[in-house]
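Have a look at the structure below, then the notes.
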Amino acid sequence: MHKDNQPLIFEMTKEGRVGYSLPELDVPEIDLAELLPEGLVRDEAADLPEVSELDIMRHYTALSKRNHGVDSGFYPLGSCTMKYNPKINESVARYSGFANIHPLQDESTVQGAMELMYDLQEHLKEITGMDEVTLQPAAGAHGEWTGLMMIRAFHEANGDTKRTKVIVPDSAHGTNPASATVAGFETVTVKSNEHGLVDLEDLKRVVGEDTAALMLTNPNTLGLFEEQILEMAAIIHEVGGKLYYDGANLNAVMSKARPGDMGFDVVHLNLHKTFTGPHGGGGPGSGPVGVNKDLLPYLPKPILVKKDGVFAFDYDRPQSIGRVKPFYGNFGINVRAYTYIRSMGPDGLKAVTEYAVLNANYMMRRLQEHFDLPYDRHCKHEFVLSGRRQKKLGVRTLDMAKRLLDFGYHPPTIYFPLNVEEGMMIEPTETESKETLDAFIDAMIQIAREVEENPEIVQDAPHTTVIKRLDETKAARKPVLRYHKAE
Amino acid sequence: MKHRYLPMTPQDEKAMLDTIGIQSIDELFADIPEKVRFKGEYNIKPAKSESSLTKELSQLAAKNADSNTYASFLGAGVYDHYKPIIVDHVISRSEFYTAYTPYQPEISQGELQAIFEFQTMISELTGMEIANSSMYDGGTSLAEAGMLAAGHTSRKKILVSRAVHPESRDVVRSYALGQSIAVEEIPLKDGHTDLDALKEMIDDNTAAVMIQYPNFFGQVENLKEIEPIVHEAGALFTVSSNPLALGALTPPGKLGADITVGDAQPFGIPEAFGGPHCGYFAVTKALMRKVPGRLVGETTDEDGRRGFVLTLQAREQHIRRDKATSNICSNQALNALAASVAMTALGKEGTKEMAVQNITKTYYMKQQLKAAGFEIAFDGAHFNEIVVKTDSPVKELNASLLQKGMIGGYDLGLSYDEFDNHMLIAVTEQRTKEEIDAFVQEMGATHA
């Protein structure tokens, strides 16, 4: 990576330079002051950059070199499923008939787009085992909130207004409790047992007539399959609650176990994870939600219907929770996910899960003698190591993560889930080769040895990146969130 | 199985199974209870090769009428604008699009700096002090503004103008329901927010007043007159704004807005059948710690060099869990990058020039329609949309326009009972005089 700081684009600006080519103004000019009310004509231009096209390209090329993506190298960020992003997806999403169509065009002029959406929904129904799917939510957390609002509407329709609580395991993603709050619920935490699974006794203790739902990831964030899923479903359903599936970890169970068959009533998927989105530096994602028959009436509107071979949006949904997003979801991401599913087929998706799980178990077994493995059993697509052995030697997991940067790797997810001390959550995905895994394992082993023999090199890491560790306290204490021209 | 995305070979598989100490991959799934175990393969379409799939999907895409082939006069929140070609070249750099949220700043300075620049550009355009790293879209961004306002003021009522995008209002209502916030709609008066009605409706339980600028009908609301009404009642002045229009209009931040939100789709982002676009969220400094989503801040490293990090994370779901300001996690980072590149290319001069072109070409359209005998529904100051009354149903007009290679305007009757036979027409800088003339001629031909 380049060591030189890259100036801000605002620092490269020079008055009078332009980087655009607007269409000709071929109609008579007008005087804005005559048209607009007094005081509403902007008198001071927004201070945007003034640079040439080459300046722009060089700037962003330089920035890209200061960024690590899956195409740059291994990215075992647990829970995020950083698999290869196929290039065919990018090409298809840019077809003019997909990229340059307007959501409010007459339905007769967008039948191809609606057919793709419909067929994607059909595929996702089969993959999840649910009765219907909406593509409207924009991302996973948005899907969680959508699902919870449907559960809320279901209970309210039954006059069941005392269900104010959503249960989440202590190992849950932060979005679960946050989504519950946004949907107007209170969060109750259920503990994990010594095997890293939901403690059924504790679950029995926290459920009741006020339980709206239990949100669960399966496999959970430790990468472990909740074996007692049917018992859990029974406990929740018995008290009248609904079971919510957080699909963040679907990559671990495709063709092996479907949420619908496990007893889940609502499911959200992260198409940018399992179905190769891509991640885009933090979005856009797509978070379709699947439901079983009980929740059908509450789906966000419109829903997509097919009648006599013609696709239409149905707005006549009196019990719908309403719209969760303008238009029909992140269509461009849905095109990519559809292209991926069609590239893989049924045997391909099955192999995806099998190889993702095989890769994770292989890494776990090779690493377990060098780091603590809190839960020693077969994992699914990811596993969590603890750095507590290294911590005793004065080296924290954060230090080891930073040291991995020197080897050209993106580190695992660290300090999550919260119930593992000094946790490192590693998810290799199926698109990585054995050679890549071996090289990463060797680096991890070397770092474990450095911790014992030469801890400073780890504590002071990274050594090779464009910048050293940044002062986050300073950033938060005196926030500078935009550029200001020097006076 | 062999697949170009799956590097596993039988030898690899064997070696890995040996290391794990098992005979077959199936053993790794033995913990899935028999009763829920899925047997066999999904009943979905079989895999296709790269070339046969691209052939099939390009044929599917060709079934749609796109705005490269047709001259589009459809807006209503999503627009056919000039997209500088370099935008796609930048966002196609896979260091950007195959990365995730920049949790590790040392190897994510590129993304972090790009977001910092985006925050600055949105801040400049809107005249607000703080802008975040992006939201899903304009609609959800407005809904989040409502939640922020309710939380900040401890009040439980939101007033939203009926001149705000109907789908955004729908989303505001959906979010408000979860928070038990009442949403009341301010009626219209001549295509603008009815200020007398607003004065009647606003009270000391009003958390926010939501105005769109320019509004859904393309009309420029007079924020100067609205601001004192809102602030006198102690509510937050919340403006939803097309950021391109702010190239020519006085920005909400200079007119007393507390929160300005909107969608950056006009800057280099394709229509894409409604998404993904790029919500933005901007506030006054007083509300900085209430902002949803990611914020990037400047700091220094151990050697004193400038660098960028995700900051003020104590607001966010991964730290605060159920106490977070929002549940948003993934946002629209890549589209924020696209918008940044477009805003950079257009720059200080081009943003204004493009905005003025939109106003000017729309003005021309309005004059031509008037000359052809059409009645313009609202004759106030406009940005790039106007409403024309039609004799026949808009759907029929659009069908005949399509025959002539044009995508007609939005049928306002779909969202407003009182506006049957009203067409909302958008004229961006992309439309030529020739196309506008052809549009008016075709409208006139059906105008018997």
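The values are calculated or read from the model by the stated rules, or taken from the named source; none is laboratory data. Since we're looking at a predicted model, the values are computed, not measured. Here the Cβ is made from the backbone with ideal geometry for all residues, glycine too, and neighbour counts use every protein chain on show.
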>> Tell me yes or no: at least one residue of region A:469-482 is free of Cβ contacts under 8 Å to residues at least 12 places away in the same chain and under 22 Å from residue A:70 (Cα atoms).
In response: no
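Within region B:337-349, can one find any residue that is at pLDDT 95 or above and surrounded by fewer than 24 Cβ atoms within 10 Å (Cβ to Cβ)? Steps first, answer last, please.
Here is the first cut: in region B:337-349, the ones at pLDDT 95 or above are B:337-349.
Next, only the ones that are surrounded by fewer than 24 Cβ atoms within 10 Å (Cβ to Cβ) stay: B:348-349.
Within region B:337-349, one or more residues are at pLDDT 95 or above and surrounded by fewer than 24 Cβ atoms within 10 Å (Cβ to Cβ).
Which one of B:18, B:31 is among the charged types (D, E, K, R), more than 19 Å from residue A:218 (Cα to Cα) and either free of Cβ contacts under 8 Å to residues at least 40 places away in the same chain or in a loop (DSSP other than H, G, I, E, B) (or both)? It would help to see each step written out before you state the result.
Details: B:31 fails: more than 19 Å from residue A:218 (Cα to Cα).
The conditions single out B:18.
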Sole miss for residue A:161 among (1) modelled with pLDDT under 95; (2) in contact with a strand residue (DSSP E or B) (Cβ under 9 Å, 6 or more places away or on another chain); (3) of a type in the set (Val, Ile, Thr) is condition (2)
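Yes/no per residue for (1) out of contact with any helix residue (DSSP H, G or I) (no Cβ under 8 Å at 6 or more places or on another chain); (2) modelled with pLDDT under 95; (3) closer than 16 Å to residue B:145 by Cβ:
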residue: B:262; (1), (2), (3): no, no, yes
residue: B:271; (1), (2), (3): no, no, no
residue: B:281; (1), (2), (3): no, no, yes
residue: B:288; (1), (2), (3): yes, no, yes
| Within region B:91-98, is there a residue that is more than 7 Å from chain A (Cβ to nearest Cβ), part of a loop (DSSP other than H, G, I, E, B) and out of contact with any helix residue (DSSP H, G or I) (no Cβ under 8 Å at 6 or more places or on another chain)? | no
Given the conditions (1) more than 7 Å from chain A (Cβ to nearest Cβ); (2) more than 23 Å from residue A:252 (Cβ to Cβ), every one holds for residue B:21 apart from (2)
Practice prompt. Check region A:222-231 and report whether any residue there is of a type in the set (A, V, I, L, M) and surrounded by fewer than 20 Cβ atoms within 10 Å (Cβ to Cβ).
Written response: yes
Those residues of region B:246-256 that are hydrophobic (A, V, I, L, M, F, W, C) and in contact with a Gly (Cβ under 9 Å, 6 or more places away or on another chain) come to a total of 2
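Do you know which residues across region B:34-65 are hydroxyl-bearing (Ser, Thr, Tyr) and either surrounded by 13 or more Cβ atoms within 10 Å (Cβ to Cβ) or in contact (Cβ under 8 Å) with a residue 12 or more places away in the chain (or both)?
Of everything in region B:34-65, those that are hydroxyl-bearing (Ser, Thr, Tyr) and either surrounded by 13 or more Cβ atoms within 10 Å (Cβ to Cβ) or in contact (Cβ under 8 Å) with a residue 12 or more places away in the chain (or both) turn out to be B:42, B:54, B:58.
Residue check: is residue A:430 within 22 Å of residue A:380 (Cβ to Cβ), of a type in the set (D, E, K, R) and within 12 Å of chain B (Cβ to nearest Cβ)?
Details: within 22 Å of residue A:380 (Cβ to Cβ): yes; of a type in the set (D, E, K, R): yes; within 12 Å of chain B (Cβ to nearest Cβ): yes.
Judged against the criteria, residue A:430 is a match.
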When every residue in region B:117-137 that is at the interface with chain A (Cβ under 7 Å from one of its Cβ atoms) and either assigned to a helix (DSSP H, G or I) or of a type in the set (S, T, N, Q) (or both) is compared, the one farthest from residue A:137 (Cα to Cα) is B:124
Taking region A:122-145 and keeping only residues that are part of a helix (DSSP H, G or I), surrounded by 22 or more Cβ atoms within 10 Å (Cβ to Cβ), of a type outside the set (A, V, I, L, M, F, W, C) and more than 9 Å from chain B (Cβ to nearest Cβ), one is left with A:128, A:143
For strands (runs of 3 or more DSSP E) lying entirely in region A:172-258, having 1 or more residues that are within 8 Å of chain B (Cβ to nearest Cβ) picks out A:186-190
* Asked: Before we move on, is residue B:351 more than 11 Å from chain A (Cβ to nearest Cβ) and of a type in the set (Ser, Thr, Tyr)?
  -> no
Condition set free of Cβ contacts under 8 Å to residues at least 40 places away in the same chain, out of contact with any Phe, Trp or Tyr (no Cβ under 9 Å at 6 or more places or on another chain) and not hydrophobic (A, V, I, L, M, F, W, C), scope region B:367-396, selection nearest to the other protein chains (Cβ to nearest Cβ): answer is B:395
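With the requirement that a residue be more than 9 Å from chain B (Cβ to nearest Cβ), closer than 23 Å to residue B:137 by Cβ and not small (Gly, Ala, Ser), what does region A:316-333 give you? Break it down stepwise before answering.
Residues of region A:316-333 that are more than 9 Å from chain B (Cβ to nearest Cβ), as a first pass: A:316-320.
Next, from what is left, pick out any that are closer than 23 Å to residue B:137 by Cβ: A:317, A:320.
Residue satisfying the conditions is A:317 alone.
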Okay, helices (runs of 4 or more DSSP H) sitting entirely in region B:146-238 with 2 or more residues that are within 14 Å of another protein chain (Cβ to nearest Cβ) and aliphatic (A, V, I, L, M), I get B:166-178, B:223-232
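Name the residues in region B:320-336 that are among the aliphatic types (A, V, I, L, M) and either under 13 Å from residue B:103 (Cα atoms) or more than 7 Å from chain A (Cβ to nearest Cβ) (or both), would you?
If the condition is that a residue be among the aliphatic types (A, V, I, L, M) and either under 13 Å from residue B:103 (Cα atoms) or more than 7 Å from chain A (Cβ to nearest Cβ) (or both), then B:336 is the only one that fits.
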Contact list, first residue from region B:225-240 and assigned by TED's automatic domain parsing to the domain that holds residue B:283 and farther than 18 Å from residue B:261 by Cα, second anywhere and in a strand (DSSP E or B) and at pLDDT 95 or above, beta-carbon distance below 6 Å, six or more apart or interchain, is B:233/B:206
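Filter region B:404-425 down to residues that are under 21 Å from residue B:189 (Cα atoms) and buried (at least 20 other Cβ atoms within 10 Å of the Cβ), then give me how many there are.
Let us first name the residues in region B:404-425 that are under 21 Å from residue B:189 (Cα atoms), namely B:410-425.
Add one more test, that the residue is buried (at least 20 other Cβ atoms within 10 Å of the Cβ), and what stays is B:410-412, B:419, B:422-425.
Going through region B:404-425 one residue at a time, the tally reaches 8.
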Looking across region B:310-319 at residues that are of a type in the set (S, T, N, Q) and facing another protein chain (nearest Cβ under 7 Å), the single one that is surrounded by the fewest Cβ atoms within 10 Å (Cβ to Cβ) is B:311
Restricting region B:254-309 to residues that are hydroxyl-bearing (Ser, Thr, Tyr) and facing chain A (nearest Cβ under 8 Å), the one surrounded by the fewest Cβ atoms within 10 Å (Cβ to Cβ) turns out to be B:300
